[in-house]
Structures are given as C-alpha cells and as structure tokens.
Amino acid sequence: VFEAGYLRGGEGLVQLDLRRAPGIVEATLRVRDPDTGVEVLVGRGSGPVEASLKAAVPGLDLEVSDFSQHALEQGASARSVAYLRVRGTDGREAWGAGVSEDVTEASVRAVLSAVSRLAVPARMAAE
C-alpha cells in the first residue's frame, strides 16, 4: 500500500541535474510523462529540494513543511528514503516519499511524489 500510494509518484524521474552557485541551486528534472514522453523541468531555489519543487510546479506557492530521511540498509550502496510534506497557501497539503541510493535523488523523488498526490501534474510547466 505504501509503495503504490507514495513511491509511484517519484518513479517518473529519469534524470536529475543540479547546478550550484553561491546561494542558489538550479535543478533540471527530466521526467517521464505517459502522454508526452520525457519533459524537462527547471527550477531555482536555495537548495535541491526547493529548486525541484519550483521545477515541478512553477508559479504555485508551495513550501516544504516537514522533511525526514533515513537509510534503509547499511553499507556504501545503501538506499535511503526521504519523506516530506508540502503545503500550499490554499491550505492543501500532501506527503510524498522517495527512495534512491543517492540521498538528493531520494529527496527529489519525494517532491514528485507529494506533487502527484496533490493532483498537480508536473507538466504544468508547459502551461
């Protein structure tokens, strides 16, 4: 139930590129969309999570109101799981979760999971 409800929203992430400059991160997400193929979404923020959130839902005022992450296994190639809650100024909120061997990628997958649970399609970037 957890996997179907929370992890599937982040499965569409094909590639994550981060560019860092003093005080700002630019996230370029390549996400698989069942209708249009792969889309490229770009956002900027103070860190990878904020930049990814702005890439996924540009123009919407969403913020991360809770975040947690931990290892699922031990060792150098251990996967981690990230959990986060996003909240909009309209009061809507949703939790998301993401899993990856890369802690930043797990966080970005959690962002996409939360956004999909809000029923806000990432493809809004094109509109």
Q: Check E39, E26, E3 and return the single one that is of a type outside the set (S, T, Y), farther than 12 Å from V108 by Cα, surrounded by 13 or more Cβ atoms within 10 Å (Cβ to Cβ) and at pLDDT below 90.
A: E39
Q: Find the residue count for the stretch 13-23, including only residues that are open to solvent by 20 Å² or more (accessible area, probe 1.4 Å) and at pLDDT below 90.
A: 3
Q: Under 9 Å between Cβ atoms, at least 6 apart or on separate chains: pull out the pairs that start in the stretch 32-55 with a residue that is assigned to a helix (DSSP H, G or I) and end on any residue that is open to solvent by 30 Å² or more (accessible area, probe 1.4 Å) and small (G, A, S).
A: A55/A125
Q: Look through the stretch 45-56, keep the residues that are touching a helix residue (DSSP H, G or I) at 6+ places or on another chain (Cβ under 6 Å) and within 18 Å of R92 (Cα to Cα), and return whichever of them is surrounded by the most Cβ atoms within 10 Å (Cβ to Cβ).
A: A56
Q.
Quick check on my filter: what residues within the stretch 84-113 are in contact (Cβ under 8 Å) with a residue 12 or more places away in the chain and over 17 Å from L13 (Cα atoms)?
A. R85, V86, R87, G88, T89, R92, E93, A94, W95
Q) For S68, are the conditions met, namely being part of a strand (DSSP E or B), open to solvent by 50 Å² or more (accessible area, probe 1.4 Å) and of a type in the set (S, T, N, Q)? A) yes
Q) In this structure, is V81 touching a strand residue (DSSP E or B) at 6+ places or on another chain (Cβ under 6 Å), assigned to a strand (DSSP E or B) and either closer than 21 Å to Q15 by Cα or at pLDDT below 90 (or both)? A) yes
(Q) I'm trying to understand the selection: among the residues of the stretch 84-102, which are modelled with pLDDT of 90 or more and of a type outside the set (D, E)? (A) L84, R85, V86, R87, A94, W95, G96, A97, G98, V99, S100
(Q) Suppose we keep only residues that are open to solvent by 90 Å² or more (accessible area, probe 1.4 Å) and outside any strand (DSSP E or B) within the stretch 84-101. Which one would you say is farthest from R117 (Cα to Cα)? (A) E101
Q. Based on what the data block shows, is E63 part of a strand (DSSP E or B), in contact with an Asp or Glu (Cβ under 7 Å, 6 or more places away or on another chain) and not basic (K, R)?
A. no
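The values are calculated or read from the model by the stated rules, or taken from the named source; none is laboratory data. What you are looking at is a predicted structure, and each value in this text was computed from that prediction instead of being measured. When we count neighbours, we look across all protein chains shown, and the Cβ atoms used for this are built from the backbone with ideal geometry, even at glycine. Surface accessibility is based on the protein's heavy atoms, side chains included, excluding ligands, DNA and RNA. Shrake-Rupley method; radii C 1.70, N 1.55, O 1.52, S 1.80 Å.
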